[in-house]
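Reading through the structure tokens given below for one structure.
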Amino acid sequence: MPPRSRKRVVGGPKAVKKKARSSDNAFFEPEPKRSRRGGGLDDDIESLESDEEMSEQDSEDEEEETAGEKRIRVAREHLDKVRAIAMRVHEDEGEEEEGDEGRYEREGKRDSLVAELLQKEQLEGSGRLQRVIATRVLRPEPDDKFRMLVKHHLSVTAVALAEGDSKGFSASKDGVIMHWDVETGKSEKYLWPSEDVLLSHQAKPPQNSAKKRSKNVLALAISSDGRLLASGGLDRHIHLWDTRTRGHVKAFHGHRGPVSCLTFREGTPQLFSGSFDRTIKLWNAEDKTHMDNLFGHQSDILAIDCLRRERLLTVGRDRTMRLWKVPEESQLVFRAPASSLECCCFINDSEFLSGSDDGSIELWSLKRKKPTHLIKNAHAPSLLNCSHSYEENGTTTCNGGDIDNGCKKKESHSSAHSWISSVAVCRGSDLAASGAANGVVRLWSIQSESSGIRPLYDSSLAGFVNSLVFAKSARFLVAGVGQEPRLGRWGRVSSARNGVAIHPIKLKDEHLSIA
């Protein structure tokens with residue numbers, strides 16, 4: 001019996017369903033089998049796409065890189081980079097041996113050094129090994145100063161850096177969110193969608209229908225993969241943005257007060273938000289869902305920070321800093337000596353740094369409920385010119401005739417200008433920075449618990465330094481500066497420029513650095 005001729009039915013739901021099922025099966029089949037299916041009795045069937053369209057699609061598929069291929073490419077590039085560093089170190093040692101045995105020995109030493117560098121980098125990245133950077137920081141040259149990278153119309157309230165240190169984000173009081181390149185300073189503005197679009201993204205309408213929604217942004221946070229940017233402000237919402245399209249994705253509601261601080265847990269889509277309503281909320285930015293609430297603060301929450309572990313660090317106007325153990329639903333309370341804490345950040349899982357509105361900087365440890373070291377008037381001009389001694393209670397005093405706790409007695413400072421408005425730590429290292437409104441940003445060296453912290457160098461920057469962030473490589477420091485403080489208008493520096501400033505940091509032994 002002659003074989004039946006196969007006919008193609010065009011149109012109808014059954015035909016569409018059959019076509020979809022056959023294409024799905026073909027997708028999971030190996031390439032040779034799919035190529036055989038294309039021949040035979042179906043050769044006379046007219047294709048839905050022309051040969052030119054198929055060739056264009058194949059070329060696009062070849063050019064497009066999958067996530068797995070990108071990871072492999074980046075890993076190979078990083079391995080080549082580490083091998084080049086090991087080769088330079090080996091050449092600097094000047095060891096040259098002749099013959100095959102000498103060559104094998106050199107390659108063995110080089111591979112051992114590569115493995116050692118990779119292991120060290122992994123331990124530093126996980127926070128189990130502290131990077132020694134502060135002692136490698138070189139004294140700034142006269143030309144090494146803050147350079148205005150991005151300008152804003154009003155005071156900058158928050159800055160953030162993506163994982164690769166090549167892209168940055170900033171926000172200001174007028175609601176402008178900027179996405180900029182660290183090298184060139186080229187910036188792109190995020191456009192707020194219309195009110196109808198915000199409502200469709202689950203935002204709640206303003207409480208007072210007669211007033212427009214406030215666009216004032218107080219906090220920013222970028223996810224570890226760099227794809228999602230979170231912003232929070234006076235409208236009591238957390239807004240998610242897609243960094244690839246600069247489009248608005250989702251609005252989280254639930255806070256009853258302004259959202260003052262945000263942070264992503266490293267390596268996860270978990271997002272934590274703090275608010276003036278005294279609550280902390282946990283969100284899943286990937287699934288766009290609310291997960292949990294944390295209660296404990298008795299006043300406004302001002303700052304928040306998180307590392308890889310499910311531990312959270314917050315400070316509030318109730319003069320407490322709290323370490324939250326999220327899985328255990330427990331918290332440790334650390335009380336400030338006499339002032340209100342304004343900012344905080346992790347040094348590692350067991351040490352923290354904070355700044356207060358009386359101008360002091362505190363170093364904390366899990367072992368004590370009070371600061372292990374406290375530096376009063378931390379931004380006093382005379383602090384760099386005196387030697388330090390530490391009392392039993394951890395308070396720093398300076399060994400000088402007319403100096404008291406880092407500040408000359410005859411000097412007077414405005415309370416709004418002297419308080420510490422921001423602190424930052426280069427992740428996994430002993431290098432820290434603090435900002436105020438007295439015209440300088442100060443670098444600090446975090447030493448052992450017995451030695452505390454000591455100042456390194458100052459860099460001039462006029463205005464309220466409302467936000468600081470280090471590059472992961474410690475090659476530069478980014479500051480968000482403005483004429484007014486982040487959370488109010490009780491002070492003003494008219495000579496300041498609103499914007500994002502960047503300062504280079506030069507290190508010794510740069511050829512040994514992997515970052």
- SASA check, His237, accessible area w/ 1.4 Å probe, all protein chains in place, rounded to nearest 10 Å², comes out at 10
- Collect residues whose amide H, placed 1.01 Å from N in the peptide plane, falls under 5 Å from the amide H of Ser275; neighbours closer than 5 in sequence don't count. Ser260, Ile301
- Query: Roughly how much of Arg246 is accessible, in Å² to the nearest 10, using a 1.4 Å probe?
  - Reply: 80
- Sorting Ala171, His239, Pro206 by the position of each Cα along the dipole of region 154-284 (Lys, Arg +1; Asp, Glu -1; all at Cβ), the one nearest the positive end of that ordering is Pro206
- Using a 1.4 angstrom probe and counting only protein chains, how large is the accessible area of Lys370 in Å², to 10? 140
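Using a cut-off of 11 Å between beta-carbons, work out the net charge of the residues near Gly499 (Lys and Arg +1, Asp and Glu -1, Gly499 not included). All intermediate terms of the calculation are to be shown ahead of the outcome.
Details: positive: Arg147, Lys151, Arg497; negative: none.
Its environment carries a net charge of +3.
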- Summing +1 per Lys or Arg and -1 per Asp or Glu among the other residues with Cβ less than 13 Å from Val159's Cβ gives +1
- Per residue of region 251-257, in order, report the coupling 6.51 cos²θ - 1.76 cosθ + 1.60 (Karplus, θ = phi - 60°) as ³J(HN,Hα) in whole Hz, putting x for Gly and Pro. 10, 8, 10, x, 6, 9, x
- Message: If DNA, RNA and ligands are ignored and the probe is 1.4 Å, what is the ranking of Leu234, Leu461 by accessible area, most exposed first?
- Response: Leu234, Leu461
- Task: Show the residues, 5+ positions off or on another chain, whose built amide H is closer than 5 Å to the amide H of Arg308.
- Result: Glu266
- Task: Provide Tyr457, Tyr190 ordered by accessible surface of protein heavy atoms (probe 1.4 Å), highest first.
- Result: Tyr457, Tyr190
- Can you run phi through the Karplus equation (6.51, -1.76, 1.60; θ = phi - 60°) for region 455-466 and list ³J(HN,Hα) in whole Hz, with x for Gly and Pro? x, 9, 9, 10, 10, 6, 7, 7, x, 7, 7, 7
- Item | Amide proton proximity set for Leu218, modelled H, under 5 Å, gap of 5+ | Gly232, Gly233, Leu234
- Query: Quick one: net charge of Asp358's neighbours, Cβ under 13 Å, K/R +1, D/E -1?
  - Reply: -1
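The values are calculated or read from the model by the stated rules, or taken from the named source; none is laboratory data. What you are looking at is a predicted structure, and each value in this text was computed from that prediction instead of being measured. Cβ: placed from backbone, ideal geometry, glycine included. Neighbour counts: every protein chain shown. These area figures cover heavy atoms from the full protein model, side chains too; ligands, DNA and RNA do not enter into them. Shrake-Rupley method; radii C 1.70, N 1.55, O 1.52, S 1.80 Å.
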